[in-house]
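Okay, structure first, notes after.
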Amino acid sequence: MHRGLIVQKFGGSSVANVERIQEVARRVVDYRRRGYDLVVVVSALGDTTDELVELANKINLHPSEREMDMLLSTGEQISVALLAMAVHKLGVEAISFTGAQGGIITDTSHTRARIIKINADKIKEELKKNRVVIVAGFQGVTLTQDITTLGRGGSDLTAVALAKELAARECEIYTDVDGIYTTDPRVEPHAKMIKEITYDEMLEMASLGAQVMQARSIEVAKKFDVPIHVRSSFSKNAGTLIIKEVKRMEDVVVTSVTINKKAAKITICSLPDRPGVAAKIFKKLSLEGVNVDMIVQNVSHTRQTDISFTVSKSALQKAMKVTRKAAANINAGQIIADEDIARISIVGVGMKSHPGVAATMFGVLAKKKVNIEMISTSDISISCIIKKRFAERAVRALHKEFGLGK
Ligand code: ADP
Ligand code: ASP
Ligand code: MG
């Protein structure tokens with residue numbers, strides 16, 4: 001029986017060792033025998049990508065981004081070959097592809113490349129021969145044959161993009177948790193699995209630090225309406241559906257709490273308070289490719305003001321350098337970097353129609369004696385920057401206050 005095409009993606013922990021790879025192969029073969037066509041996307045084994053980054057930094061703290069992509073893409077090349085061998089061993093035909101062989105064409109922004117198009121002819125040919133096609137996640141190739149990577153967590157994006165291109169009936173993301181939870185289950189053991197969640201909520205969660213899905217993959221899924229099914233590669237449980245709209249019987253105001261410890265804060269003190277100052281600094285940062293997240297400017301009483309903003313920790317050095325240069329030109333005071341921070345956020349589409357959510361959040365933090373250093377809000381989220389050591393405590397308290405626990 002012919003049941004249609006499924007794209008399945010297996011993350012690093014799902015292929016961490018030989019036994020896990022064999023387990024994945026058994027699942028793939030089981031689906032194949034039940035009549036599904038399969039395109040399987042895999043990540044690098046376990047922590048391989050982190051280890052490769054470390055290795056590179058031992059040689060050069062500022063490696064060329066092109067060479068970094070050359071290096072990191074090897075991780076996924078190992079997994080696809082090993083998984084193909086494991087599937088063969090179970091008597092099913094399969095073939096492995098690099099991103100380039102899979103026709104994943106990207107722009108030239110090394111380490112964070114964007115997919116321009118997918119030439120899926122080769123994949124389709126192999127599917128026609130009844131083979132399982134196993135594609136290396138996280139990587140692509142430029143029009144001039146340079147290997148690129150799609151940003152950390154990018155195998156999710158490979159899977160979603162292939163599901164769209166091949167008009168798959170489903171895109172399954174297999175990981176080491178049962179699905180999407182109300183907060184990171186490693187931080188709060190009482191976190192509850194969410195059966196259905198909207199693209200908007202998942203995108204907000206991912207952007208605010210819920211590592212379980214790469215934010216860019218959700219952007220693509222939302223744009224092309226690709227339903228995603230997140231589930232565990234360690235069990236047969238049903239998991240979470242990420243879809244356009246969720247009909248909830250009762251209004252749920254807050255659906256999840258997120259934590260992000262990968263941000264750092266820069267404060268520029270005593271800036272002259274006149275038009276054009278902020279424009280100058282943030283233009284310089286953007287020209288240098290530094291992504292700025294939250295920005296807070298204090299009210300000035302003395303014709304001088306302080307501005308604080310956050311960047312990712314990995315961009316801190318570069319951001320400090322650019323900020324120092326820009327600030328020197330406009331007569332600013334001291335510039336302070338702070339890595340000892342965490343961003344905690346609450347997310348939920350129900351927030352739009354419910355007043356008082358921010359007050360409740362601040363009240364919880366006050367009760368725990370946690371000082372709020374910065375605040376930012378969107379339509380469907382509220383975030384606070386706090387000292388890192390309070391992060392887990394704050395997440396658990398918010399999770400409880402908004403009634404998210406089991
Ligand atoms: P993979 O290797 O499969 O890509 P990741 O490590 O990227 O897996 O993502 C899975 C991890 O994301 C989980 O182990 C969990 O600790 C973390 N996580 C953070 N927030 C959430 C959440 N809201 N729901 C589920 N998992 C989450
Ligand atoms: N291996 C890559 C990473 O660790 C891509 C992925 O796992 O999705 O970021
Ligand atoms: Mg991941």
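The values are calculated or read from the model by the stated rules, or taken from the named source; none is laboratory data. Bear in mind that the values here come from a model prediction, so they are computed numbers and not experimental data. Note that each Cβ is placed from the backbone with ideal geometry, even for glycine, and that neighbours are counted across all protein chains shown. Side chains are part of the model used for accessible areas, which takes the heavy atoms of the whole protein and leaves out ligands, DNA and RNA. Shrake-Rupley method; radii C 1.70, N 1.55, O 1.52, S 1.80 Å.
Between Lys387 and Asp121, the C-beta separation translates, for a Förster distance of 60 Å, into a calculated FRET efficiency of about 0.65. Across the alpha-carbon set of region 298-405, the Rg to Rh ratio works out to 1.04, Rh being the Kirkwood radius. Here, region 45-129 is characterised by an Rg to Rh ratio of 1.05, where Rg is the alpha-carbon radius of gyration and Rh the Kirkwood radius.
Whole Å is fine, so just give me how far the alpha carbon centre of region 9-48 lies from that of region 145-183. Here the two parts' Cα centres lie 13 Å apart. By the compact-protein rule of thumb, 2.2 N^0.38 Å, the alpha-carbon radius of gyration of region 104-210 corresponds to a ratio of 1.26. Rounded to the nearest 0.05, what FRET efficiency is calculated for Arg274 and Asp340 with R0 set to 22 Å and r the Cβ-Cβ distance? Step by step, r from the Cβ atoms, then E = 0.10. Placing +1 on the Cβ of every Lys and Arg and -1 on the Cβ of every Asp and Glu, with nothing else charged, gives region 357-406 a dipole about its Cα centre of roughly 400 debye.
Atom-type composition of the exposed protein surface of region 1-96 places 55 percent of the accessible area on carbon and sulfur (1.4 angstrom probe).
Between Asp146 and Lys284, the simple spin-label model (points 7 angstrom out along Cα→Cβ) gives 2.8 nm. For region 353-370, putting each phi into the Karplus relation 6.51 cos²θ - 1.76 cosθ + 1.60 with θ = phi - 60° gives couplings of 10, 10, x, x, 5, 4, 4, 4, 4, 5, x, 4, 5, 4, 4, 8, 6, 9 Hz, in residue order, rounded to whole numbers and with x for Gly and Pro. Calculated from the alpha-carbon coordinates, region 326-386 shows an Rg and a Dmax of 15.6, 45 Å respectively. Accessible surface of Val254, taken over heavy atoms with a 1.4 Å probe and every protein chain present, rounds to 10 Å². Evaluated on the chain, the Kirkwood hydrodynamic radius is 22.8 Å, with distances taken between all distinct Cα atoms.
Principal axis extents of the C-alpha atoms in region 1-70 (largest first, rounded to whole Å): 54, 25, 11.
By the compact-protein rule of thumb, 2.2 N^0.38 Å, the alpha-carbon radius of gyration of region 155-231 corresponds to a ratio of 1.06. Any idea what log10 I(q)/I(0) is at q = 0.11 Å⁻¹ for region 189-285, Debye with uniform C-alpha scatterers and no solvent? Log10 of I(q)/I(0), two decimals: -0.51. With Cα atoms defining each centre, region 302-346 and region 185-230 are spaced 30 Å apart in the structure. Of the solvent-accessible surface of region 205-360, computed with a 1.4 Å probe over protein heavy atoms with every protein chain present, carbon and sulfur atoms account for 51 percent.
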